[in-house]
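What follows is a short report on a single structure.
The values are calculated or read from the model by the stated rules, or taken from the named source; none is laboratory data. The structure displayed is predicted, hence computed values, not measured ones. Positions of Cβ are generated from backbone atoms using ideal geometry, with glycine treated the same way; all protein chains shown enter the neighbour counts. Just the protein is used for accessible areas: all its heavy atoms, side chains included, with ligands, DNA and RNA removed. Shrake-Rupley method; radii C 1.70, N 1.55, O 1.52, S 1.80 Å.
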Amino acid sequence: MNNNSNPNYFRLGVFVLAAIGVLIAAILIFGSGQLFKKSFVIETYIKQSVTGLDTGAAVRFRGVKIGQVTLIALSGDIYEKDIPFQDRRQYVVVRMQIFGEAVNENLIKEFVKNNLRAQVKSQGITGVNYIEFNFVAPSDVYPPLPYEWKPDYPIIPSLPNQADQIIGGIQKLIDGLNQLNIDGTQKKFDALLSNLNVMMAGDGKDNKGLIQSVDNLNVLLTRITKVTDKDELNVLMRELVGSMVALRQTITSIQGDSAVTIENLKQTSEQLNELTRIVSQSPSSLIWSEPPPHITPPMNGAQK
């Protein structure tokens, strides 16, 4: 084999590797198209762990990719170098490059005012995290994390990630359960059960309980059923009708006697009026006149 051919193979190998490198670079640069896109940088502060979030992770707005994470660091290394370590807030600073027309700080503040928030989310079961931007309801908004430094870029406040929200809710539930007076609640529940037992079964003294009342009601219903079955109710109704007829006859009789009595009183009144008229015209007739004929009191409206 000719040794003079070795340099040629070497140069050919270097050329092939260089060509492959240029091709890969061209694909990465021109294929993604990000090199010629306008962009701006924003950042957010996170108090919880950002495990699974790495530089280069996607930044999405309602699921649409709009940028990527360019820096993940602690605020102590960026903004709090002159502050004692124990006084540092040690937030996680996440800087993001957003592709598109640059916006000013006033527009970012307007978005934040309308509840635009950044949140770390997990991408399925892969465990890879990304940053999600979205406008949230006022009830879901957490207050922005406080800070004392001047940020290098506009700030988008963050929300706790979903896992931390779930864990925080469970922790609040546990704290609430710990604050409950279990013993007092148990005593009240026992007293309630005791009162219910007394109400149902009675206290063995004056209170017979609801069960005894139900038994009495059943007895009463049984008696009513027996009365209905023996036609006693029909007998009572016939007797009641007979009593009503007798009462009506008695009232009619009383009305007839009252009419006769009124007629007699009317005749007597007329006779007294006639006597009064005669006496007023001739008073001496009471002394010198003959005795008046004997008057027999009318009986049943007739004179004898």
Exactly one of (1) of a type outside the set (Lys, Arg); (2) closer than 30 Å to Pro144 by Cβ; (3) modelled with pLDDT under 75 is unmet by Ile29. Its number?
(2)
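So is Ser122 hydroxyl-bearing (Ser, Thr, Tyr) and either closer than 20 Å to Leu74 by Cα or exposed (fewer than 11 other Cβ atoms within 10 Å of the Cβ) (or both) or not? Reasoning before the result, please.
On the way: hydroxyl-bearing (Ser, Thr, Tyr): yes; either closer than 20 Å to Leu74 by Cα or exposed (fewer than 11 other Cβ atoms within 10 Å of the Cβ) (or both): no.
For Ser122, the condition - hydroxyl-bearing (Ser, Thr, Tyr) and either closer than 20 Å to Leu74 by Cα or exposed (fewer than 11 other Cβ atoms within 10 Å of the Cβ) (or both) - is not met.
Take the residues of the stretch 73-97 that are acidic (Asp, Glu) and open to solvent by 60 Å² or more (accessible area, probe 1.4 Å): which is nearest to the chain's Cα centre (by Cα)? Can you show your working first?
Applying the first criterion (acidic (Asp, Glu)) to the stretch 73-97 yields 77, 80, 82, 87.
If we keep only those that are open to solvent by 60 Å² or more (accessible area, probe 1.4 Å) as well, we get 77, 82, 87.
Values: Asp77: 48, Asp82: 52, Asp87: 44 Å.
Only one residue fits best here, namely Asp87.
Go through the stretch 178-193 residue by residue and tally those that are assigned to a helix (DSSP H, G or I) and either modelled with pLDDT under 70 or open to solvent by less than 60 Å² (accessible area, probe 1.4 Å) (or both).
From the stretch 178-193, those assigned to a helix (DSSP H, G or I) are 178-179, 182-193; that's our starting set.
Next cut, either modelled with pLDDT under 70 or open to solvent by less than 60 Å² (accessible area, probe 1.4 Å) (or both) only: 184, 191.
Residues meeting the conditions: 2.
Being over 43 Å from the mean Cα position of the chain (by Cα), part of a helix (DSSP H, G or I) and modelled with pLDDT under 90, is that true of even one residue in the stretch 37-49? Steps first, answer last, please.
Going residue by residue through the stretch 37-49, those that are over 43 Å from the mean Cα position of the chain (by Cα) are 37-41.
So of that shortlist, the ones also part of a helix (DSSP H, G or I) come out as none.
Looking for residues that are over 43 Å from the mean Cα position of the chain (by Cα), part of a helix (DSSP H, G or I) and modelled with pLDDT under 90, one finds none in the stretch 37-49, hence no.
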Reported set for the stretch 128-140 where residues are assigned to a loop (DSSP other than H, G, I, E, B) and either open to solvent by less than 40 Å² (accessible area, probe 1.4 Å) or among the acidic types (Asp, Glu) (or both) is Val136
Qualifying residue in the stretch 56-72 (condition: farther than 19 Å from Phe40 by Cα, touching a residue at least 24 places away in the same chain (Cβ under 8 Å) and surrounded by 13 or more Cβ atoms within 10 Å (Cβ to Cβ))
no
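Filter the stretch 98-119 down to the residues that are over 17 Å from Pro146 (Cβ atoms), open to solvent by 50 Å² or more (accessible area, probe 1.4 Å) and outside any loop (DSSP other than H, G, I, E, B), then identify the one that is modelled with the lowest pLDDT.
Let us first name the residues in the stretch 98-119 that are over 17 Å from Pro146 (Cβ atoms), namely 98-108, 110-111, 113-116, 119.
Still in the running and open to solvent by 50 Å² or more (accessible area, probe 1.4 Å): 101-102, 104-107, 110-111, 113-114.
Still in the running and outside any loop (DSSP other than H, G, I, E, B): 105-107, 110-111, 113.
Details: Glu105: 81, Asn106: 85, Leu107: 87, Glu110: 91, Phe111: 91, Lys113: 91.
Checked the stretch 98-119; the qualifying residue modelled with the lowest pLDDT is Glu105.
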